[in-house]
Amino acid sequence: MHKIDIDLVEMTLDVMKYAIDRISATEHPIGKPKKAEELKNIVGDTVTPKGIGGEYAFNLWRQHLSKANVPVDHPRNLAFVPASPTRAAIMFDLVTSASSIHGAYWMEGAGGIFCENEAMSWIVSLTGLPEGAFGVFTSGGTAANLSAIVTAREHWREDETYKREKGLIITSIGAHSSIKAMAKVADVDILLVDSEEELSGDALRKTIDNLNFHQRKRLFAVVATGGTTNAGIIDDLQGIAQVCEDEKLWFHVDAAYGGGALAADSVRHLFNGIERADSITIDPHKWMFSPYDCGAVIYKDPELAKAAHSQQGSYLDIFKDEGAHGFNPTDYQIQLTRRVRGLPLWFSLATHGTDRYKEAVERGLELAQIAGKMITQHPDVELVRDPSLSCVLFRRKGWQPEDYTEWTYKNHKSGFALVTPTKWKNGDTFETVSRFCFINPDTTEHDIQMILDSMK
Ligand SMILES: Cc1ncc(COP(=O)(O)O)c(C=O)c1O
């Protein structure tokens, strides 16, 4: 398996050709999922004692299995938070894999970690956090949020008074599902302010004032969102920062989706206050055009993260010895062995420069405004609220929830588009509506028009 022979050389060429075709293609079909039994019937047993051979397995991938995926970078994939990795970043993902770098410690991964840190320095500079702030690339926003919550909780528990208390955090119902999920993992309670619109400093203050004595004692952090997943709403970061400072609470900003917009001059002011955060999540695999998976967690004081996450073991001592000193990404998040997943982003940033990133993000913002206008002018649809960042919520007049689902499946099955329904809280009820999220700068106005026209 580890020897070189002619089959390996041929397979390398095949794989490279596939990668070149994929990287240079200007159109990809929107694939569609099949049931596992259907896929099994098509490809048969693939993992056998003697193997089915690389050529055969690769053909199964090309002809059948690859087509059962929906590429996130299709210009008419506007569902969830799609992605649009640059070609340079995808190329360097191949280089990253081929280089077999262990990205936990500087001793083994200095070259790769140096590059990651170059990219990280740019991201940190966008936040405006003070000197000394720094971050690390994670597997995604979920892992970044967890790393931040655990750091906050451990810091809080340094005080003997709280050692045996179960922590409590406050966020709003607009926060991403991963906040609730990660609070569970960290075994902290979560209190949700019941508004999907912007969480204001005043609403936060009122919520804190209404806590009983023991709840207030257990409260250690607030999570604000810098671009909600559902609607692109940015919380009142300035107001929330003030309350957190007054109340001595950890201030985390989840900007996993919206963080890319920190690069865009047109909306940067909406994030004012983020520079006062204790920790921030930003996902380069969302709006910074990185391939999966690449999240990031940034700390105002990285030493606090190190105190929470640094692993100890006799087999690890060497990494902490003289001569191995340098930045050790493992110390600042939950994972030990890690891919240098910031490397593709670094190569793309180095290739194109940060101005091109600004322009690409601005295009996503512009597409949301264009879609907003088209919806306003269209006879069959209307806006649920004004576009925010690159999210647009709209309703098809007269449609019931099942109509949205049917329409989604119809467009998906025909390979035309992937636009999924969501719900928007209207008073006490949740209305099913449709949603665009623009990331890909190659999405055209014609794409948007065709999608709207398909809502007959
Ligand atoms: C605001 C926000 N936070 C966190 C996440 C979770 O990120 P990931 O899927 O990279 O774990 C998402 C994903 O869409 C998100 O939009």
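The values are calculated or read from the model by the stated rules, or taken from the named source; none is laboratory data. Just so you know, these numbers come straight off a predicted model, no measurement behind them. Glycine gets a Cβ as well: all are built from the backbone with ideal geometry, and neighbour counts include every protein chain shown.
For region 61-76, enumerate the residues that are touching a Leu at 6+ places or on another chain (Cβ under 8 Å) and part of a loop (DSSP other than H, G, I, E, B). Result: Val70, His74, Arg76.
Among the conditions (1) within 12 Å of the ligand (Cβ to nearest atom); (2) under 17 Å from Gly295 (Cβ atoms), Gly174 misses just one, which is (2).
From the list Ala79, Ala119, which one is among the aliphatic types (A, V, I, L, M) and part of a loop (DSSP other than H, G, I, E, B)? Going through Ala79, Ala119 in turn, the sole match is Ala79. Within region 217-254, the residues that satisfy the criterion of being within 13 Å of Leu204 (Cβ to Cβ), of a type in the set (Asp, Glu) and in contact (Cβ under 8 Å) with a residue 24 or more places away in the chain are Asp235, Asp236, Glu245, Glu247. I'd like to know if region 190-201 contains one or more residues that are part of a helix (DSSP H, G or I), out of contact with any strand residue (DSSP E or B) (no Cβ under 9 Å at 6 or more places or on another chain) and modelled with pLDDT of 95 or more. Yes; the residues of region 190-201 include at least one that is part of a helix (DSSP H, G or I), out of contact with any strand residue (DSSP E or B) (no Cβ under 9 Å at 6 or more places or on another chain) and modelled with pLDDT of 95 or more.
A single member of Ile169, Ile149, Ile179 is under 15 Å from the mean Cα position of the chain (by Cα), within 22 Å of Lys300 (Cα to Cα) and among the aliphatic types (A, V, I, L, M), and it is Ile179. Ile179 falls short of the stated requirement of being in contact with a helix residue (DSSP H, G or I) (Cβ under 7 Å, 6 or more places away or on another chain), free of Cβ contacts under 8 Å to residues at least 24 places away in the same chain and not basic (Lys, Arg). Entry remark, region 333-349: residues being surrounded by 24 or more Cβ atoms within 10 Å (Cβ to Cβ) and in contact with a Phe, Trp or Tyr (Cβ under 7 Å, 6 or more places away or on another chain) number 6 in total.
Pick from Ala224, Ala241, Ala263: which is surrounded by 24 or more Cβ atoms within 10 Å (Cβ to Cβ) and under 25 Å from the mean Cα position of the chain (by Cα)?
On the way: Ala241 fails: surrounded by 24 or more Cβ atoms within 10 Å (Cβ to Cβ); Ala263 fails: surrounded by 24 or more Cβ atoms within 10 Å (Cβ to Cβ).
Unique residue meeting the criteria: Ala224.
Go through region 147-158 and report how many residues are part of a helix (DSSP H, G or I) and either surrounded by fewer than 24 Cβ atoms within 10 Å (Cβ to Cβ) or at pLDDT below 95 (or both). Summing the residues that are part of a helix (DSSP H, G or I) and either surrounded by fewer than 24 Cβ atoms within 10 Å (Cβ to Cβ) or at pLDDT below 95 (or both) in region 147-158 gives 5.
Within region 261-283, if we keep just the residues that are of a type in the set (D, E, K, R) and not in a loop (DSSP other than H, G, I, E, B), the residue that is nearest to Val361 (Cα to Cα) turns out to be Arg268.
Residue count for region 125-139, restricted to those that are in contact (Cβ under 8 Å) with a residue 40 or more places away in the chain and either surrounded by fewer than 16 Cβ atoms within 10 Å (Cβ to Cβ) or at positive phi (or both): 3. Determine, yes or no, whether Leu336 is assigned by the TED database to the domain that holds Gly260 and farther than 23 Å from Ala255 by Cβ. Judged against the criteria, Leu336 is a match. Counting only residues that are in contact (Cβ under 8 Å) with a residue 24 or more places away in the chain, aliphatic (A, V, I, L, M) and not in a loop (DSSP other than H, G, I, E, B), region 9-42 holds 5 of them.
Would you confirm whether any residue within region 250-261 is among the β-branched types (Val, Ile, Thr) and more than 14 Å from the ligand (Cβ to nearest atom)?
Step one: list which residues in region 250-261 are among the β-branched types (Val, Ile, Thr), which gives 253.
Subset that is more than 14 Å from the ligand (Cβ to nearest atom): none.
No - not one qualifying residue is present in region 250-261.
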